[in-house]
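The values are calculated or read from the model by the stated rules, or taken from the named source; none is laboratory data. Here the structure is a predicted model, which means the values were calculated and not measured. Note that each Cβ is placed from the backbone with ideal geometry, even for glycine, and that neighbours are counted across all protein chains shown.
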Amino acid sequence: MIGYRVLRDGSTAATLAAETTEWLDEGASSSPVPDVPAEVEATVDASALVVSWQAVASPEAPLHEYRVVPLFELEDGEPSPRRLGRRAASAAAYEVRLPGGSWLSVGSALSFTDDEAPVGSFAIGPLEVGRAAAVDGVPLDVEWMRYEPGAQRTYAVRAVNASGASAASAEATGRRLLDDAAMAFQWERVSAAGQAGSVRPPALSSRVAFDEEAPSNGGRAEYRLHVTAPDGTERSRGPAMGFVAWRGCPEVATFGGQVETATQEPRTWSSGLAEVQVYADGFDIPAAGQLVSPAIEINGAQVIAVERFSDGRFRVADGERVLRVQLEEGHRLSNEDRVEVGQRISFEVTRVGIVGGYLVVTRLRNLVVNEEDGSVQVLPRTGDALVVDELDQVVRVTGRVGAYLGTCGTPYHCYLLEHGPRNAERTDIIRTNRTDVVSDVCVTFIGPLNVFPGPYSSSSQDPQARVEVLDHAWVWRTSPVE
């Protein structure tokens, strides 16, 4: 015998030497092109843009019939019995079509994370830095982080093996939206008593942090927040003041006064309140008040404080001004029409007056509640100067009641109110008729700032901003922590 002839499907595939006992058929048919990947999806509004799909199997290769014929010098021998065989199915790999049109091989993975997808934008809200919020440090937080999604991106997937590539899958569209977990937060103590230059303590590397190394004597510190996105974009906000409660009067963090949800964000809408002031400034309003004709429509003013509702007193505000409502007897709201802080309301002003030096609405009609439970702007003013320009704005002040100044309009008493960081403390006036608010107690006040004398007063006295506890719900009293 001089050799062998291998027949594949009846045709010669190879001629082999006599000593050969096995042969690898490299010409056998390969698996066909894989099927098109199905259920291709891309995440939407997640911090990572992930494209995923279902696995596909390569189809089996075609079967071949094999026979081996022995070869002799004079003639061929009888063919062997037939045997069937085929190549093993080649494993499918995958390619992802990127937004630019190029195909990227991802091997056998069933998902792809597009780290190049635009991350979108982000904004940092007002800083919430503790002002006398704790006796052992300064709590740090930010009111909100706002994220906007990046541009949409479209993908397709195809499966490939040794025979080639499948057709492209149906397209999937996704976009990336950051969240807090994807961001790097770092607080910077810009300045502080006894500190040389600014520092970025490693312990303050989260959105919510607590600075245990703030000046323990209550000295002023300034903080800035730096936020970095995965693509390296960094934004900062600040500085904002903070200090330890060195007077033994930590702020009552759980106390919100009449405000359910507070924000530092300014009101941005107009409801028509400014028209009331324009109208009033056009008249020499008599003591008995002035009818408003035609009535002035107020649309969507927010109730920011209620002062003795039974007396018809509350304050409404928009982005232009704050207006007092002090309804005349016989024109007050019923309990069924009771207004609550945070509501947006609409009504018609039919009469105004000057009461105690302040412009007030004394009659209204057709009151409608448009919205419940809105966030109310509360200005942190512990350690800040109280200014007349913030008349009737809701402020938050924590301090220690100081020296008694005497009566200031029965049944009210006036005291000094001491607040702010050590060596930069403020001394203002608090007016109250609460018998438990006296010298050497601690108070947290959340309510509208008053100015005396009022802007429409005939007094020659210089106006002065002060805290007035006109409603007991505006103040929380505690004993000092020594």
Under 7 Å by Cβ, and 6 or more places apart or on different chains, what pairs join a residue from segment 405-425 that is more than 14 Å from residue 469 (Cβ to Cβ) and at pLDDT 95 or above with one that is hydroxyl-bearing (Ser, Thr, Tyr) and surrounded by fewer than 19 Cβ atoms within 10 Å (Cβ to Cβ)?
-> 416/427; 418/427
Consider residue 160 against the criteria (1) part of a strand (DSSP E or B); (2) over 30 Å from residue 51 (Cα atoms); (3) over 22 Å from the mean Cα position of the chain (by Cα); (4) hydrophobic (A, V, I, L, M, F, W, C): it satisfies all of them except one. Which criterion is unmet?
-> (2)
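Using the structure shown, decide if residue 116 is under 32 Å from the mean Cα position of the chain (by Cα) and not basic (Lys, Arg).
The answer is yes for residue 116.
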How many of the residues in segment 60-94 are closer than 30 Å to residue 15 by Cα and in a loop (DSSP other than H, G, I, E, B)?
-> 19
If you check residue 355 against the conditions, is it under 30 Å from residue 462 (Cβ atoms), surrounded by 20 or more Cβ atoms within 10 Å (Cβ to Cβ) and not assigned by TED's automatic domain parsing to the domain that holds residue 428?
-> no
Restricting attention to segment 265-278, and to residues there that are surrounded by fewer than 17 Cβ atoms within 10 Å (Cβ to Cβ) and touching a residue at least 40 places away in the same chain (Cβ under 8 Å), which single residue is farthest from the chain's Cα centre (by Cα)?
-> 277
Quick check: anything in segment 299-310 in contact with a Leu (Cβ under 6 Å, 6 or more places away or on another chain) and in a loop (DSSP other than H, G, I, E, B)?
-> yes
Write out, first by first residue and then by second, each pair whose Cβ atoms fall under 6 Å of each other, whose residues are 6+ apart or on separate chains, and whose first residue, in segment 161-187, is over 15 Å from residue 38 (Cα atoms) while the second is aromatic (Phe, Trp, Tyr).
-> 177/147; 178/122; 178/147; 187/223
Only one of these conditions is not met by residue 61: (1) more than 19 Å from residue 93 (Cα to Cα); (2) in contact with a Lys or Arg (Cβ under 6 Å, 6 or more places away or on another chain). Which number is it?
-> (1)
All conditions in (1) under 30 Å from residue 241 (Cα atoms); (2) crowded, with 16+ Cβ neighbours inside 10 Å; (3) under 20 Å from the mean Cα position of the chain (by Cα); (4) among the hydrophobic types (A, V, I, L, M, F, W, C) are true of residue 177 except (1)
Filter segment 138-156 down to residues that are of a type in the set (S, T, N, Q) and part of a loop (DSSP other than H, G, I, E, B), then give me how many there are.
-> 1
Based on what the data block shows, is residue 117 in the same structural domain as residue 227 (by TED's automatic domain parsing), surrounded by 12 or more Cβ atoms within 10 Å (Cβ to Cβ), free of Cβ contacts under 8 Å to residues at least 24 places away in the same chain and part of a loop (DSSP other than H, G, I, E, B)?
-> no
Would you mention how many residues in segment 385-400 are of a type outside the set (Val, Ile, Thr) and part of a helix (DSSP H, G or I)?
-> 2
